[in-house]
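Contents: one structure, followed by commentary.
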Amino acid sequence: MKKISLIGDLVNSKKIIDRNGIQQKLQSGINLVNRGNPNLQAPYKIILGDEFQAVYNNADSLFFDMLRIAESVFPQKIRFSIGIGEITARFSDNSVEGMDGPAFYAARDGMTIVKKSNSLFYLNSVIKENKLINHTLTLISEEIKSWNENRLKVFVMNCLNYDINRIATELNLSKRAVYKTIKDGSIPVISDTFKEIGLIINGNLN
């Protein structure tokens, strides 16, 4: 069965002034996503100072997890490359460092492509909708890049099914401000689009 290899990379990392601080925040975000995540074959791990990897069994929480990690280092941006394929080598402990195969090659090639684009996400696969998915991800990227921190936090909380009162309380916002943030950021549409893309990916893992 095919797996999903994910590579994340900090954008313009050489220009980051507080690299140690950002890496600590990144590690905290990764720890949060790894904790009890049933969709991971191999948990997220920082491989290089600015790059991290994970392997998923399915795409159920794939995009939500990416945005949750992005939230942890805001306003620093992260680009993500998704590769679909077989895993042909692995260590017994299922560490991402011990894995290899077409899924990783696809994600690595995809990272080269996304670094040359304006998108935050790239899917490298033989899925027939691959081109349409990447066009959609580019459009979503342009919206997400304009988000402030509160809008990104509202997205994450909304995906966690927090009610409006709880979101407003935790972010010290009025309920009206939360509703406006959700509407102006097209959060329901983006969330639903991510879910639909995830379903397409899941249907191509057999």
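The values are calculated or read from the model by the stated rules, or taken from the named source; none is laboratory data. Because the structure is a prediction, the values reported are computed rather than measured. Ideal geometry is used to build each Cβ from the backbone, glycine not excepted, and the neighbour counts take in all protein chains shown.
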Which residues, taken from the stretch 71-102, are within 15 Å of Y122 (Cβ to Cβ), within 17 Å of the chain's Cα centre (by Cα) and of a type in the set (G, A, S)?
S81, G83
Given the conditions (1) under 30 Å from I4 (Cα atoms); (2) more than 19 Å from the chain's Cα centre (by Cα); (3) without any contact (Cβ under 8 Å) to a residue 60 or more places away in the chain; (4) not in a helix (DSSP H, G or I), every one holds for L173 apart from (1)
Tell me whether the stretch 151-168 contains one or more residues that are touching a helix residue (DSSP H, G or I) at 6+ places or on another chain (Cβ under 8 Å), surrounded by fewer than 17 Cβ atoms within 10 Å (Cβ to Cβ) and among the acidic types (D, E).
no
Select from the stretch 88-130 the residues that are more than 28 Å from E71 (Cβ to Cβ) and either out of contact with any helix residue (DSSP H, G or I) (no Cβ under 6 Å at 6 or more places or on another chain) or of a type in the set (F, W, Y) (or both) and list them in ascending order.
T88, A89, F91, S92, D93, G98, D100, G101, P102, Y105, V126, K128
Which residues, counting only those in the stretch 40-92, are in a strand (DSSP E or B), crowded, with 18+ Cβ neighbours inside 10 Å and aliphatic (A, V, I, L, M)?
L40, A42, A54, V55, I78, I82, I84
Looking at the stretch 118-133 only, could you name the residues that are modelled with pLDDT of 95 or more and either surrounded by fewer than 20 Cβ atoms within 10 Å (Cβ to Cβ) or of a type in the set (S, T, Y) (or both)?
S119, Y122, S125, V126, I127, K128, E129, N130, K131, L132
Subset of the stretch 1-20, residues polar (S, T, N, Q) and more than 22 Å from L67 (Cβ to Cβ), comes to N20
Which numbered condition I133 fails, given (1) in contact with a helix residue (DSSP H, G or I) (Cβ under 6 Å, 6 or more places away or on another chain); (2) in a helix (DSSP H, G or I); (3) without any contact (Cβ under 8 Å) to a residue 60 or more places away in the chain; (4) farther than 23 Å from L32 by Cα
(3)
Here are the criteria: (1) farther than 18 Å from N206 by Cα; (2) part of a helix (DSSP H, G or I). Tell me which single one A103 does not satisfy.
(1)
Using the structure shown, decide if G36 is part of a loop (DSSP other than H, G, I, E, B) and surrounded by fewer than 21 Cβ atoms within 10 Å (Cβ to Cβ).
yes
Identity of the residue in the stretch 1-27, of a type in the set (A, V, I, L, M) and more than 14 Å from the chain's Cα centre (by Cα), that ends up surrounded by the fewest Cβ atoms within 10 Å (Cβ to Cβ):
I17
Residues of the stretch 136-170 satisfying the condition of being in a helix (DSSP H, G or I), hydrophobic (A, V, I, L, M, F, W, C) and in contact (Cβ under 8 Å) with a residue 24 or more places away in the chain
L137, I140, I144, L152, V154, F155, V156, C159
